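Worksheet: one structure, shown below.
The values are calculated or read from the model by the stated rules, or taken from the named source; none is laboratory data. These figures come from a predicted structure and were not determined experimentally. Note that each Cβ is placed from the backbone with ideal geometry, even for glycine, and that neighbours are counted across all protein chains shown.
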Amino acid sequence: MSRIYFYKLTVDDGGAPCAERGLLSLAICKPMIRRTAQTGDLIFGFAANSLHEDNRLIYVAEISERVEDGRYYESARFKGRSDRIYERVGAAFHIRIPPQFHTEKHLVHDLGKAPAYDRATVLISTEFRYFGGSFPEDYKAAFPAISRAVGSLGQGHRVNIAPTLEGELLKYRETLWQRYRGQLIVGKPNTPPRVGISHRGGGCGIIEKSGRALP
């Protein structure tokens, strides 16, 4: 049974998510999503009002792989990616110098406490569409249930979503895959990376999820 997650981002600077070189990764922030999302799940990220008042779609991704136990920060597959901001030194993780996006004080939030580092799971997607803040993908007229749900999102999360909303999200995914066939990265981040910026707060904690199967 695959699930659908959707939430609002308050920061869009290429860190969470990171869309580069044909991969989209969620490595920092959003620990609840990273710990629970499985292969085949869908994630929709919309802009919070503070980012764009139209609540434009920032990205949608189908999870292709879970990279667990901090292996994302050690594997040569992911070398050079912008969100690979931590490194293992001996048995412990540390922030890479110079820091990008976060600082050492965010390590526990992103990776969990040593020695378990139970949040050090990174979600990878090869099936995604990233629009960023620079590309206003308009969905409100065609998908009124999505528009209402995104507009009313608050803090916290719910376990189930209504069938009508779920149907629209699945239809929207299908529409985007067709409309932007072959285009994984359509737009650019809203802002360039800023050292030490935290993606915590609304950008990580406004979540909706569905337990229904995807077609």
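Filtered by the rule that a residue be over 13 Å from the mean Cα position of the chain (by Cα) and under 21 Å from S2 (Cα atoms), the stretch 39-48 gives T39, G40. Evaluating A162 against the criteria (1) at pLDDT below 90; (2) buried (at least 17 other Cβ atoms within 10 Å of the Cβ); (3) over 19 Å from V11 (Cα atoms); (4) of a type in the set (A, V, I, L, M) leaves one unmet condition, (2). Of the residues making up the stretch 70-96, those that are touching a strand residue (DSSP E or B) at 6+ places or on another chain (Cβ under 9 Å) and more than 20 Å from L24 (Cα to Cα) are R88, F93, H94, I95, R96.
Conditions tested, residue by residue: (1) touching a Leu at 6+ places or on another chain (Cβ under 9 Å); (2) not small (G, A, S).
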position	(1), (2)
E62	yes, yes
V67	yes, yes
Y72	no, yes
F93	yes, yes
H102	no, yes
L111	no, yes
A116	no, no
R148	yes, yes
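Note on the stretch 38-48: residues that are small (G, A, S) and buried (at least 23 other Cβ atoms within 10 Å of the Cβ) amount to 2. If you go through the stretch 98-139 and keep only what is among the hydroxyl-bearing types (S, T, Y) and either in contact with a Pro (Cβ under 8 Å, 6 or more places away or on another chain) or crowded, with 16+ Cβ neighbours inside 10 Å (or both), you end up with Y117, T121, S125, Y130, S134, Y139. Here the stretch 42-64 is the region considered, the condition is being charged (D, E, K, R) and in contact (Cβ under 8 Å) with a residue 60 or more places away in the chain, and the residue that is nearest to V11 (Cα to Cα) is R56.
Only strands (runs of 3 or more DSSP E) whose full extent lies in the stretch 85-145 are considered here, and the ones with at least 1 residues that are at pLDDT below 95 are 86-89, 92-95. Restricting S82, S25, S75 to residues that are farther than 22 Å from E166 by Cα and exposed (fewer than 15 other Cβ atoms within 10 Å of the Cβ) narrows the list to S75. Applying the criterion of being within 23 Å of H109 (Cα to Cα) and surrounded by fewer than 22 Cβ atoms within 10 Å (Cβ to Cβ) to the residues of the stretch 49-63, the residue that is farthest from the chain's Cα centre (by Cα) is S50.
In the set V89, V108, V150, which member is among the hydrophobic types (A, V, I, L, M, F, W, C), within 20 Å of the chain's Cα centre (by Cα) and over 21 Å from R3 (Cα atoms)? The conditions single out V108.
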